[in-house]
1. State all residues of segment 187-197 that are surrounded by fewer than 20 Cβ atoms within 10 Å (Cβ to Cβ) and touching a residue at least 60 places away in the same chain (Cβ under 8 Å); if no residue qualifies, say none.
2. Note down all Cβ pairs under 7 Å where the first residue falls in segment 279-292 and is free of Cβ contacts under 8 Å to residues at least 24 places away in the same chain, the second is surrounded by fewer than 12 Cβ atoms within 10 Å (Cβ to Cβ) and part of a loop (DSSP other than H, G, I, E, B), and they're at least six residues apart or on different chains.
3. Can you tell me which of (1) out of contact with any His (no Cβ under 8 Å at 6 or more places or on another chain); (2) in the same structural domain as Met143 (by TED's automatic domain parsing); (3) modelled with pLDDT under 75 is the one Leu267 doesn't meet?
4. What single numbered condition from (1) within 18 Å of Leu103 (Cβ to Cβ); (2) modelled with pLDDT under 90 fails to hold for Ile78?
5. Of everything in segment 20-64, what is surrounded by fewer than 16 Cβ atoms within 10 Å (Cβ to Cβ), out of contact with any strand residue (DSSP E or B) (no Cβ under 6 Å at 6 or more places or on another chain) and of a type in the set (A, V, I, L, M)? Give them in sequence order.
6. Leu204 - would you say it is out of contact with any Pro (no Cβ under 9 Å at 6 or more places or on another chain) and either of a type outside the set (Lys, Arg) or in contact (Cβ under 8 Å) with a residue 60 or more places away in the chain (or both)?
7. Can you spot a residue in segment 253-267 that is over 15 Å from the mean Cα position of the chain (by Cα) and assigned to a loop (DSSP other than H, G, I, E, B)?
8. Name the pairs: first residue in segment 243-268 and at negative phi, second residue surrounded by fewer than 12 Cβ atoms within 10 Å (Cβ to Cβ) and polar (S, T, N, Q), Cβ to Cβ under 8 Å, at least 6 apart or on different chains?
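The values are calculated or read from the model by the stated rules, or taken from the named source; none is laboratory data. Computed from a predicted structure; not experimentally measured. All Cβ positions, glycine included, derive from the backbone under ideal geometry; neighbour counts span all protein chains shown.
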Amino acid sequence: MPPKTLRLPKTRRHFVEWVMVNNNDKKTLAALKRDFKYHEMDLADTAPPLQSTKLAVREDYLFMILLYPVFDRKTRIISTAEIDFFIEPNRLVVVDPFGLPQLQDLYNKFEGGELQHAHDVPQLLFVILETLIEAIYPMIRHMTVDVEDIESKLFKNFERSLIKELLRVKTNIVSVRKAIQGHKAVIRKLVAASRGRFVSVDKLQEYFDKLVEETKDIWDRLDLQKNTIDALHETNVSLLDYQTNDIMKTLTIISVTTFPLTLFATLFATRAAGMPIVDNPYGFWILSGIIIAIAALMIVFFKRKRWL
């Protein structure tokens, strides 16, 4: 995969190269090692499976791993994508095997010369990180709508099937939290490690601080959503338990009520010698009346005990 390069006008005396890599298989990683001499440990971290966020300081470059949430419109489930950055003084190599749309669109603008304000690697990196962080906000808004929808259904039209939707939203919130939980620390380490390597880092300190604040803002929103969905989950469990207990209570009362009636009817069905009422011409109606009276008395008793 040949490197994609953008050379800004010579009058600006700037040069920045962005190499976009859309695969992390063995062949691609071998090419990165051959062409750019990257450390084997960093290339191993670039390969599957997903790694945690980190920043590694090498002699000639910085290696950074960041995780970002990815929303699947069909399943409505959020998964985690890993983006790897090899940051050199005049070159930025980005490994994006997941093909994040926001990152791909940004790269197309870069190729078309539309990112004229990205004069060097730190500025280009800031634009990339800001774009990826901004892409998280629509997911948070969708999750907020989902949480509010669940809350409305939970108290208006409670159904057992709601638990599936609740767990989906809860899993999505956990996935986003997992993805961004290390961003703040890694970005701060990036700024500290970049001093002395990049001239514009000090000038961009305010902008990178903005990224840290945005990450903190996202985390705070997710924390609120997590607390809300946890409370709804507990409420859902309580409602299910209440329904189950109510059903068990009803079944128990029915069982207790029918048992003596069944026993009474069985005794008179034996037709043993000397059995009263059986030979009476109104025996059936007398027995039916007794059974109904016993059932009525038991129901009255249960209601007085407030079991019904």
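1. Listed by number, the residues that qualify are Lys189, Ala193, Arg197.
2. Ile286/Asn280
3. (2)
4. Against the list (1) within 18 Å of Leu103 (Cβ to Cβ); (2) modelled with pLDDT under 90, Ile78 comes up short only on (2).
5. Selection gives Ala30, Ala31, Met41, Ala44, Ala47, Val57.
6. no
7. no
8. Sorted first by the residue in segment 243-268, then by its partner, the list stays empty.
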